[in-house]
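Notes follow the structure.
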Amino acid sequence: MEQAEQSGRRTDRRSFLLKGAAVGAGAIGASRLLSAPRASASGGLTKGDVAILQFLAAAELLEADLWEQYNELGGIQDRERPGGTGNKAYTRALSVLDKDIPQYIHDNADDEQSHASFINAYLEANGADPINLDKFRTVPGSKATGARQIGRLTNLMELTIDTSWWTRYRSHSKNPDLGDTLPQAVPDLAVGKHPAIPRSDDDLTPHRHLQAIANTAGFHFGTIEQGGASLYASLAQRVTNPEVLRILLSIGPTEAMHFQTWQDKAGNAPPLTDPTTGLTFPNLNGGGALFKPNLIMPEPTSFLDRKFPACSIIRPSATEGAALGAAKFLTAMGLFNGQSPDFFAGVKALAEAADAAQRQ
């Protein structure tokens, strides 16, 4: 009996986050729960390959959750992406940035869910545990017309958004991999907590308040997708199995395609000051080359070492601490406001395991 109880405890610990088992992070160090992910003898995956795929599966599930919320209110609802009924006022405000945004939101939501489903299926096919975050779908979502009243993984109503990627991709000389920092495109978004979706129908008026929410979403789209592009480029450097490398090199560029689209659309956000909150969106055309909206091609910049000629690249792409850095970035954004301690401990453990992977 005692042996059976010990075996059961080991199973519970191993399945934290992976299968949604309820484990108290305060009682058991979450980092221990994922210290030895199960690798496949037949698939030829190393422990590090599994850890990287598990972290990416979790990241894609989180992305799928936030994009689903955007789609319910501002995207196209159809059989491909069921759920939600749309919010006409919010959709009109988003369409100020581009009339095709409802289609783009729909397709981005579909892409991220496909990434999560594929990576999880690949893990299972190779004898490794897939990621299931359903236990953590407890964050309250929007009460606005069009949104489903269900628990969420992510919070889109209290965001602090780093928009320095805007100037980073326009710089001819600066690269965060070399220790450089760049100014924010929308300084007000980098402080405070801002909704990117209407919290309720009260947010649908006045018009400039709703437009500020739509503008916030436009910049959040780019923030999320540029992070995904860098994450895949960074973690690919730690992969051992050629097929796993192929997965990362095939999914990562789609994140870059998303980013390019959203960078272009964010540049159409109208300058305004929210009469309700005071949030200000500047006229980016008045800030010089670092802010100009139509400079959406990545400017050549310093890469690896400043002694080399400038090169147009994904930035950042350094691999050291990439997964944990991504987890901290998303947390600082407020995307997980309302989540449980178990969730934060589990995400940290997944990130640390991915960062510990070494190419063999």
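Each residue in the range 185-202 was checked for being in a helix (DSSP H, G or I) and crowded, with 22+ Cβ neighbours inside 10 Å, and 1 of them qualify.
Selection within the range 302-335: residues that are assigned to a loop (DSSP other than H, G, I, E, B) and among the aliphatic types (A, V, I, L, M). The member of this set that is nearest to PHE219 (Cα to Cα) is MET333. ILE247 meets the conditions (1) touching a Phe, Trp or Tyr at 6+ places or on another chain (Cβ under 9 Å); (2) farther than 21 Å from PRO187 by Cα; (3) exposed (fewer than 15 other Cβ atoms within 10 Å of the Cβ) in every case but one. The failed one is (3). For the range 133-184, a residue qualifies if it is of a type in the set (A, V, I, L, M) and part of a helix (DSSP H, G or I), and exactly one does: LEU178. For the range 99-127, the candidate set comprises residues that are in contact (Cβ under 8 Å) with a residue 40 or more places away in the chain and over 20 Å from the mean Cα position of the chain (by Cα); within that set, the residue that is surrounded by the most Cβ atoms within 10 Å (Cβ to Cβ) is LEU123.
Taken together, the residues in the range 281-301 that are under 7 Å from ARG170 (Cβ atoms) and either modelled with pLDDT under 95 or part of a strand (DSSP E or B) (or both) amount to 1.
Looking only at residues of the range 71-98 that are in a loop (DSSP other than H, G, I, E, B) and among the polar types (S, T, N, Q), we find that the one that is surrounded by the fewest Cβ atoms within 10 Å (Cβ to Cβ) is THR85. Would you confirm whether any residue within the range 220-232 is buried (at least 24 other Cβ atoms within 10 Å of the Cβ) and touching a strand residue (DSSP E or B) at 6+ places or on another chain (Cβ under 7 Å)? Yes: one or more hits. Picking from residues in the range 219-273 that are part of a loop (DSSP other than H, G, I, E, B) and in contact with an Asp or Glu (Cβ under 9 Å, 6 or more places away or on another chain), the one that is nearest to GLY325 (Cα to Cα) is VAL239. Cβ separations smaller than 7 Å between residues 6+ apart or across chains give the following pairs from the range 210-230 residues that are under 14 Å from VAL186 (Cβ atoms) to residues that are surrounded by 24 or more Cβ atoms within 10 Å (Cβ to Cβ) and among the hydroxyl-bearing types (Ser, Thr, Tyr): ALA214/TYR90; ALA217/TYR70. Regarding ASP110, is this residue acidic (Asp, Glu) and out of contact with any helix residue (DSSP H, G or I) (no Cβ under 6 Å at 6 or more places or on another chain)? Against the criterion (acidic (Asp, Glu) and out of contact with any helix residue (DSSP H, G or I) (no Cβ under 6 Å at 6 or more places or on another chain)), ASP110 qualifies. Among the residues of the range 231-252, just one is basic (Lys, Arg) and either touching a His at 6+ places or on another chain (Cβ under 9 Å) or touching a residue at least 40 places away in the same chain (Cβ under 8 Å) (or both), namely ARG238. Among the residues of the range 301-360, those identified as of a type in the set (Lys, Arg) and either surrounded by 15 or more Cβ atoms within 10 Å (Cβ to Cβ) or touching a Pro at 6+ places or on another chain (Cβ under 6 Å) (or both) are ARG315, LYS348.
The values are calculated or read from the model by the stated rules, or taken from the named source; none is laboratory data. These numbers were taken from a predicted model, which means no experiment stands behind them. Quick reminder, even Gly has a Cβ in these numbers, built from the backbone with ideal geometry, and neighbours come from all protein chains shown.
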